[in-house]
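The values are calculated or read from the model by the stated rules, or taken from the named source; none is laboratory data. All figures in this text were calculated on a predicted structure; none of them were measured in a lab. No Cβ is skipped: glycine too gets one built from the backbone with ideal geometry, and neighbour counts run over all protein chains shown.
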Amino acid sequence: MRWFPAALAAALGLALCFLTLPVLAIFLDSPPGDLVASLGEEGALDALWLSLETSAAALAIIVVVGTPAAYLLASRRFRGRTLAITLLELPLVLPPAVAGIALLAAVGPSGILGGTLEDAGLQLTFETAGVVVALTFVASPYYVRQAQSAFAAIDPRWLEASRTLGVSEARTFLRVAIPAASSGLLTGGALALGRALGEFGATLMFAGSLAGVTQTAPLAIYERFASDFDAALALSAVLVAVSAAILLSAKLVGGWDALGDAARRG
Amino acid sequence: MIALVAVAGCGSDDEPAAEATPSLVVSAAASLTDALTACSTQFDGAEVRLSFGGSDELAAQIRQGVKPDVYAAANTRLPQELADEGLLGDPVEFATNELVIAIPGDEREIERVQDLAEPGLNLVMGADTVPVGAYTLDVLGRLPSGTREKILANVRSKEPDVRGVVGKLTQGAADAGFVYVTDLTGDLTGIELPPDLQPTVAYGAGVVDGAGEPDLAQAYVDGLTDGPCADALREDGFGPPPAG
């Protein structure tokens, strides 16, 4: 009766094949030299750089607002909490096209807040700022979810001990909760950054696509797909490498942190 | 293990029943969306599945081995290229179209193409690789270089297909854009281009090499010049193909 472990192994094997083969194909389909060469092509590095800038800006906004919000959701029970969590997680399951339409309807030029923004001299559509808004919208739930469970996993006695010692709540949040949840926060940040780097549909619909202003790497890949498949592959390869590096470094940092925790507890 | 086999098996098609209607996959330019959606239900002999996108994108898919049965593009260059590469049967011209300047609403602040050079105007066009973008560049190329540069400086987005341009206009995000006359909806006003600027917009279609149902595919292509689809195209504002 050894069928169950075998079934588990088969399922893992199947999942690995299915999920890694397309990614490997990007690198196998053209020689590395060609990949590097097509990066030198006009605009490719600009798109990549724009992607990194806008994703970093989105991540900064997400962390600054999302961390305290997640802490509140994790540390208090209040009316409407479940509703708040559901609403915050909603962008996670929205198709990017819906996110794009929703952003246009809300903060687009003829959206419900469009007039207010226009009066304030703020235009998002066709601007780099619009890309940041789209990325923030789609990527926030990845961070907030992770941060919330990281805060929830902190041993409540630590926070109690801190309060018993007369440390203010704000200081407890900054000095106890954040360090204790740091590996979860890092993982959440990495996931949000990865999602932001890969964003496509909402950016195109809400912000548009113009080289150097709103054309992020995924949009540049899409444009090159039609005209220059090798250039599209090269840019894809770089994006895969960057995303993998982000994910891996978050896992390594998280891993070291977990080891450190174990050592402290031991 | 049984579950796994079931999962692994889900990619393969079920055996077709003997009298099942065959299906025909048609990859067509985004600008053909309304016309072909309307007429394809009347196609005899097969259930037509339509896939719309930028003609350049659809051609790239065919080059990557994604094989529809029919390819219909918003120009004649892409079908001819595919035919020269042995990926498409002899293409036929089946319709013509006109490029226009579209503005949201009917405020006539823009009356001619030179007005698009006004600094600060938000202009959208198709990407350089998609036919509607290439036609737009063609029009701008016929203008004096000073005007052309000013107009190009106003371009705020290059959309992957013409539907993207229409969307940005109907959302009020852009002040003007280049679309086909057939894309004008109730919300958009079209401004005709003078004859010396109007590019030749001709649509070409052909049977994709290795089509599952070559005879039906040929019948569909023939139907674009004579039959319900030809009628739907005329009704939608497409011109007839040039004689001969």
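Couple of notes before you dig in:
- Wholly enclosed helices (runs of 4 or more DSSP H) of region A:151-264 bearing at least 3 residues surrounded by fewer than 16 Cβ atoms within 10 Å (Cβ to Cβ): A:156-164, A:169-172
- A:Leu90 surrounded by fewer than 19 Cβ atoms within 10 Å (Cβ to Cβ), within 14 Å of chain B (Cβ to nearest Cβ) and out of contact with any Ser or Thr (no Cβ under 6 Å at 6 or more places or on another chain): no
- Residue match in region A:165-183 (condition: within 14 Å of chain B (Cβ to nearest Cβ) and modelled with pLDDT of 90 or more): no
- Looking only at region A:217-227, residues that are within 9 Å of chain B (Cβ to nearest Cβ) and within 15 Å of A:Leu39 (Cβ to Cβ) come to 1 in all.
- Residues in region B:195-244 that are more than 26 Å from B:Glu47 (Cα to Cα) and either free of Cβ contacts under 8 Å to residues at least 24 places away in the same chain or outside any loop (DSSP other than H, G, I, E, B) (or both): B:Pro195, B:Val201, B:Ala202, B:Gly239, B:Ala243, B:Gly244.
- Selection within region B:23-76 - out of contact with any helix residue (DSSP H, G or I) (no Cβ under 8 Å at 6 or more places or on another chain) and within 14 Å of chain A (Cβ to nearest Cβ): B:Leu58, B:Gln61, B:Gly65, B:Val66
- For the criterion of being more than 25 Å from A:Ala139 (Cα to Cα), within 14 Å of chain B (Cβ to nearest Cβ), part of a helix (DSSP H, G or I) and not hydrophobic (A, V, I, L, M, F, W, C), A:Gly33 fails.
- In region A:27-86, of all residues being among the hydroxyl-bearing types (Ser, Thr, Tyr) and surrounded by 15 or more Cβ atoms within 10 Å (Cβ to Cβ), the one that is farthest from A:Ala220 (Cα to Cα) corresponds to A:Ser75.
- Considering only residues in region B:128-169 that are assigned to a loop (DSSP other than H, G, I, E, B) and farther than 14 Å from B:Ala29 by Cα, the one that is nearest to the other protein chains (Cβ to nearest Cβ) turns out to be B:Asp128.
- Residue, nearest to the other protein chains (Cβ to nearest Cβ), within region B:77-95, restricted to residues that are of a type outside the set (D, E, K, R) and closer than 16 Å to B:Ser31 by Cβ: B:Leu78
- If you go through region B:130-182 and pick out every residue that is crowded, with 23+ Cβ neighbours inside 10 Å, touching a helix residue (DSSP H, G or I) at 6+ places or on another chain (Cβ under 8 Å) and within 26 Å of A:Ile221 (Cβ to Cβ), you end up with 17.
- Test for B:Asp209: is it more than 14 Å from chain A (Cβ to nearest Cβ) and out of contact with any strand residue (DSSP E or B) (no Cβ under 7 Å at 6 or more places or on another chain): no
Residue-by-condition table, conditions (1) closer than 20 Å to B:Asp183 by Cβ; (2) crowded, with 23+ Cβ neighbours inside 10 Å:
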| position | (1), (2) |
| --- | --- |
| B:Thr21 | no, no |
| B:Val25 | no, no |
| B:Ala30 | yes, yes |
| B:Thr37 | yes, no |
| B:Phe43 | no, no |
| B:Val48 | no, no |
| B:Ala60 | no, no |
| B:Gly65 | no, no |
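- For region A:12-30, a tally of residues being within 14 Å of another protein chain (Cβ to nearest Cβ), of a type outside the set (Gly, Ala, Ser) and in contact (Cβ under 8 Å) with a residue 12 or more places away in the chain returns 2.
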